[in-house]
Structures are given as C-alpha cells and as structure tokens.
Amino acid sequence: ESPRHESHVSAQSPKPSRNGSFSPPLFPQEIIFEILSNLPVKSLLRFRCVSKSWKSLIADNFFIKKHLKRTQNDPEFSKKRVLINIADIAPRTQPGSTIKSCSLTLKSIFEDPNVNTTEIEYPSKNESHSDWIVGSCNGLVCITIRENTVLLLNPTLRVSKRLPDIGFKKRRGYTVYGFGFDASVDDYKVVGVFSYPSMVKVYSLRTNCWRRIQDFPFEVFSNEAGKHVDGTLNWAVFSGQDGDFSIVSLDLAQETYKEVTQPCYGDGVDERTLGVLDGYLCVLCSYRKLYAEVWVMKEYGKRESWTKLVSIPYLRYERSEMFLTPVSVSKSGEILLRYGVNILLYNPKKNMFRIPMFPYDVISYISQAEVYEESLVSSTAVNQHR
C-alpha cells in the first residue's frame, strides 16, 4: 500500500545556506513516510517539531492507520505494552486501585525480569475509587470508575475523553461494559449491559451519545468485560436451567447476538475463563486445580478452528482460589499470564515459571493485566478514521 500523499521532491546534495552552514538533504515524501511509519509514537511526537510538513504528515489519518497496522503486525511486540491494575487491600473505608503502564515493551518483558511501571493519569482519578480496565483497542483504553463513569484514553498520547452519563438509574444490579471497533463505519463503541432491569446501551465515539439496543439474552458475569475480537464483543454467560458456561457475542455493526460454539474440553473441567490472547478469542479451562489448558479460536466464528495452545500446571499455593488468566504469547511460545495476584511467565518447552519483578508492595496485588498498542489514535478526534 503506497502513501496517498506523493511528492515530486527528489533527494538533493546538501547546499550551503546564507550563513554558510549546510541544510539537510531532501528525500522523496514516500521515503520519509516509510521511515516515520516505523518509528515509536514518542519519537513521532518529538519529530512534529521538525517542520510543518512533518507535523501535517504525522497528524494525517492515512499515516495514523498505516502506523497502527505496522504496530499490530510486528511479531516482536516491540510497540505493545502492558497495563496493570494494582488493587490496594490496606484497611480503609473503600478499597482503591491504581492503573499503571509497564515501562518496558511487551517484547522486553519476555526478556528482562525487572519491570518498572508508570502511573496512568486521567480525569476523575481517585485512589479511593475502584477503577476497572474494560479493554483496549488500537491504542485506546476504556476505563470505568465505580461502574458509572466511563473514560477513553490513549496512554501513549496522554489524552482522554470522559463519556456522557450512560443514564442507568441503578437501584440494584450491576453494569458490565465492552469496548471495541466497528470497522464498517470506522467508529469506536462502548457497550453497557445493565443487569436489573435488563438494558443494553451503545456509545458511539462519532455521535458522542448513548442509545438503547436489543436487551442482552442471558445473564452476564458481574466482573467480566466484553472481549473484543473482529468487530464483536464476547461475554461469558450463564445459560440454560443448569447455568452452563456459554459464550455470547454482540456484532457491533449489526447489533445482533449469537452464541459462539465451543470446543470439546473433555472431562474434569471445573472452571472456565474467557479472554483474548494476541487478538484471538480464548478460553482457559481449569481441571480440578491441577492444570489448565488454553484454547484459542484461530478463525473467529469457526468451531473447527479452536486449537489447544498450551497446558499449564498449577503451582502449589496454599490458597485454593488461585486462577490463571493468559495475557500474551511470545514468538518462542512462552506465555505471559496473571496467576492469582501475580504476573508470571511460563515456558512450556522447559515446563518452567519465571517471575518478572513488578514494583508493588505487600498491601497490594495485581487484579488485571491488559495489553495495549502504542498508537496515534486519539479519543478526542471523533472523525479521525474517515
């Protein structure tokens, strides 16, 4: 795909300026485009000061899309980072949480055991509030504060947007959310599902408003956000008289629901967790707290594409409620996962765990881990993707 902005400027030999110094050589615009679209976002933000043409190029919609595509296709994960939500369990009237971004890229976390973090700043932030990461998409992250305040932010650009009030008059029940991208209209959408009475609303970044859609067909888990895969949001739900584990998806373009078929997990499954692993819908199955298997859907919507990726043994912790949540898989097959209240790396070839050193103290624990991409997509530029 070639850049739409073409220039007839060719490379020239340096020429002396009036004061005798030499100006840098000029390159064709397409070469500048290719070079810049491979650079990290932080470098691009600095390079906006080089010239008006560079500033215009870096802010261009086509360039932003090209840069994002290259970031997503990078097999080394060199422009992806991990957000962690650190919950504070110190005695207080209301437990709080802090959302931080890892200073190392996802690639570096697999290689370096020492990981520093930087606290993410956003409006309405309060250490006594229990903030929750709904999900990430194309560099944007959706966060809720006490269920009723929803924010979209780009941690790399340090820009954020507070969404209008969803309008749920809560007497009892709970609200769960999902965040994703509708490619059919180039729009980012947040979905809010209220449990009682049943009600579903969709927020559009383009229109900057909520509207009601068809009610959710099942009861959703109270602590799970919708998982975004290929223009759909997917929730683990209770279905049938026995309350079986099922997966229901909402198509963001058609606004229709359907059940996602699952593989045959075999006997002995006592717990299942729905997630997204490097862009694929995944299910982690726990077998009597002895070991867990990670299944991924290689082609969304096709039952035959479910593949068992890895089997992970449980460590012998004293607390029986320990559980696994997969976060990412390296090119070599090592898997990054949240294990109970910690982050671990598991190497299936060596059957060995490693513990990255995250800076948190004994009165806190990691309640969430979410991968996001460094991108130039802004939550405040409503028409950015047209």
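Being modelled with pLDDT of 90 or more and among the small types (Gly, Ala, Ser) is the filter here, so list the residues in region 267-285 that pass it.
Listed by number, the residues that qualify are 275, 279.
Please specify each residue of region 79-127 satisfying the condition of being modelled with pLDDT of 70 or more, of a type in the set (A, V, I, L, M) and touching a Pro at 6+ places or on another chain (Cβ under 8 Å).
Listed by number, the residues that qualify are 83, 87, 109, 115, 120.
List every residue pair whose Cβ atoms sit under 7 Å apart, with the two residues 6 or more apart in sequence or on different chains, where the first one lies in region 51-64 and is at negative phi and the second, anywhere, is among the polar types (S, T, N, Q).
61/384; 63/37; 64/384
Among the listed residues 159, 193, 141, which satisfies the condition of being among the aliphatic types (A, V, I, L, M) and more than 24 Å from residue 67 (Cα to Cα)?
Working: 159 fails: more than 24 Å from residue 67 (Cα to Cα); 141 fails: more than 24 Å from residue 67 (Cα to Cα).
So the residue among 159, 193, 141 that is among the aliphatic types (A, V, I, L, M) and more than 24 Å from residue 67 (Cα to Cα) is 193.
Which residues, counting only those in region 334-361, are under 21 Å from residue 80 (Cα atoms) and not in a strand (DSSP E or B)?
Across region 334-361, the qualifying residues are 334, 355, 356, 358, 359.
Of the residues that make up region 189-203, is at least one surrounded by 21 or more Cβ atoms within 10 Å (Cβ to Cβ) and over 26 Å from residue 274 (Cα atoms)?
The answer is no, given that none of the residues of region 189-203 is surrounded by 21 or more Cβ atoms within 10 Å (Cβ to Cβ) and over 26 Å from residue 274 (Cα atoms).
What's the number of the only condition in (1) part of a strand (DSSP E or B); (2) open to solvent by 20 Å² or more (accessible area, probe 1.4 Å); (3) of a type outside the set (Gly, Ala, Ser); (4) at pLDDT 85 or above that residue 331 fails to meet?
Checking residue 331 against (1) part of a strand (DSSP E or B); (2) open to solvent by 20 Å² or more (accessible area, probe 1.4 Å); (3) of a type outside the set (Gly, Ala, Ser); (4) at pLDDT 85 or above, the one that fails is (1).
Could you grab me the full set of residues in region 132-160 that are surrounded by fewer than 21 Cβ atoms within 10 Å (Cβ to Cβ) and more than 22 Å from residue 102 (Cα to Cα)?
146, 147, 148, 149
Would you mention how many residues in region 164-187 are free of Cβ contacts under 8 Å to residues at least 60 places away in the same chain and open to solvent by less than 20 Å² (accessible area, probe 1.4 Å)?
Step one: list which residues in region 164-187 are free of Cβ contacts under 8 Å to residues at least 60 places away in the same chain, which gives 164-177, 179.
Filter once more, so that each one left must be open to solvent by less than 20 Å² (accessible area, probe 1.4 Å): 166, 175-177, 179.
Matching residues across region 164-187 total 5.
Inspect region 315-323 for any residue being at pLDDT 90 or above, open to solvent by 30 Å² or more (accessible area, probe 1.4 Å) and either assigned by the TED database to the domain that holds residue 224 or not in a strand (DSSP E or B) (or both) and give the result as yes or no.
First, the residues of region 315-323 that are at pLDDT 90 or above: none.
No; the residues of region 315-323 include none that is at pLDDT 90 or above, open to solvent by 30 Å² or more (accessible area, probe 1.4 Å) and either assigned by the TED database to the domain that holds residue 224 or not in a strand (DSSP E or B) (or both).
Taking region 226-284 only, how many residues are in a loop (DSSP other than H, G, I, E, B) and under 17 Å from residue 298 (Cβ atoms)? Full working, then the answer.
First, pick out the residues of region 226-284 that are in a loop (DSSP other than H, G, I, E, B): 230-231, 240-243, 252-256, 261-268, 278-279.
Subsequent filtering for residues that are under 17 Å from residue 298 (Cβ atoms) retains 230-231, 261-265, 278-279.
Looking only at that region, the number is 9.
The values are calculated or read from the model by the stated rules, or taken from the named source; none is laboratory data. As the structure is a computational prediction, the values presented were derived from the model and not from experiment. Glycine also receives a Cβ, built like all others from the backbone with ideal geometry; neighbour counts cover every protein chain displayed. For accessibility, only protein heavy atoms count, side chains too; no ligands or nucleic acids. Shrake-Rupley method; radii C 1.70, N 1.55, O 1.52, S 1.80 Å.
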